[in-house]
Amino acid sequence: MFTIVKLNAINSTNSYLKEWSKEKELSHATVVVAKKQTLGRGEMGSEWLSESGKNLTFSILFRFSNFSISNQFYLNCAVSLSLYDSLLPIIGKNLTIKWPNDIMSANKKLGGILIENTVKSGFIKQSVIGIGLNVNQVHFPDSLPNAASLRLASNKIYDLDGLLQSILEAVKKRFNQLKRGEFRALNNAYQKVLYRRNVVSKFSDGKHIFNGKIIAVLTDGRLQIELENKELQIFSLKEIKYIF
Ligand code: BTN
């Protein structure tokens, strides 16, 4: 199913795949994996830093023929659960998905996902799904105090090609579920493994720091939090931050 293209170095596998798909009618499920990214991109304009040759940085191109933008949340569930499924045997019960799609081992971030969609008339035509997973890296810059890797979490060194294959296997399964329209199952599975759900945590809305409990992620992708006074409040990604 997957066509894998391996590169030594590139600015960003997401940027590369997006540009390439404009020039050429690439086949569905083309994967670009790079040993090194010089301009790796994270969510909300952040950068993704990854030591060359130690980790997985790759992007997958998916084409859709009839996928409404209103179901975008389930695409996020499918991608995050793919990573979750493939890492569960390695990390075990400490593994969670931090809203919207960070992969966590306890309170440390192992990996992140950057989904970039091309939308036409309310339908997602194609999706470039970028995955950055810290695998064998041991030292992280001071700017990333909450980063960890599979090696740090499990004390083992991993074969990057083997790991990529098992992630792609998991992606295939979750995308078949998505294709079959099993949205409720994807939603349930995602909510079940959500980081700090039903646990009192500290958040900031840019003005105040407050305590709250994550109740759920709504199907429009926003986060529902129960405040200390039991009031329910809903936040979009730009409106709230976790305080570790
Ligand atoms: C995040 O958590 O902020 C998302 C990080 C996504 C990083 C991956 S690495 C492969 C792909 N190419 C990029 O430039 N970004 C994604």
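Descriptive notes on the structure:
- Fluctuation leader among LEU150, LEU160, LEU194 - the chain, Gaussian network, Cα springs under 10 angstrom: LEU160
- Loop-located GluC sites (Glu not before Pro) in the range 165-244 (DSSP state not H, G, I, E or B) with no more than 16 neighbouring Cβ atoms inside 10 Å: GLU182, GLU228, GLU231.
- ILE243/ASP220 FRET efficiency (R0 25 Å; Cβ-Cβ; nearest 0.05): 0.55
- Note on the range 188-229: with neighbouring protein chains present and a 1.4 Å probe, carbon and sulfur make up 46 percent of its accessible heavy-atom surface.
- When Rg and the Kirkwood radius Rh are both evaluated on Cα atoms of the chain, their ratio Rg/Rh stands at 0.95.
- Annotation: amide H-H contacts under 5 Å for TRP48 (H modelled 1.01 Å from N, sequence separation of 5 or more, or interchain): GLY40, ARG41, GLY42.
- Take the chain with all the other protein chains still there, run a 1.4 Å probe, and you get 51 Å² of accessible area per residue.
- Estimated FRET transfer efficiency (ASN146, SER166; beta-carbon r; R0 35 Å; 0.05): 0.90
- The chain - mean residue ellipticity at 222 nm from DSSP helices (-39,500 (n - 2.57) per run, n ≥ 4, rounded to 500): -8500 deg cm²/dmol
- Per-atom-type breakdown for the range 94-185 gives carbon and sulfur 50% of the accessible area (1.4 Å probe, protein chains only).
- In this simple spin-label approximation, ASN8 and PHE183 carry label points 7 Å from Cα along the Cα→Cβ vector, and these lie 4.7 nm apart.
- Linear extension gain, LYS207 paired with HIS139, 0.36 nm per residue minus alpha-carbon span: 21.2 nm
The values are calculated or read from the model by the stated rules, or taken from the named source; none is laboratory data. Predicted model only: the values in this text are computed from it and were never measured. For neighbour counting, all protein chains shown are included, and Cβ atoms are generated from backbone atoms with ideal geometry for every residue, glycine included. Surface accessibility is based on the protein's heavy atoms, side chains included, excluding ligands, DNA and RNA. Shrake-Rupley method; radii C 1.70, N 1.55, O 1.52, S 1.80 Å.
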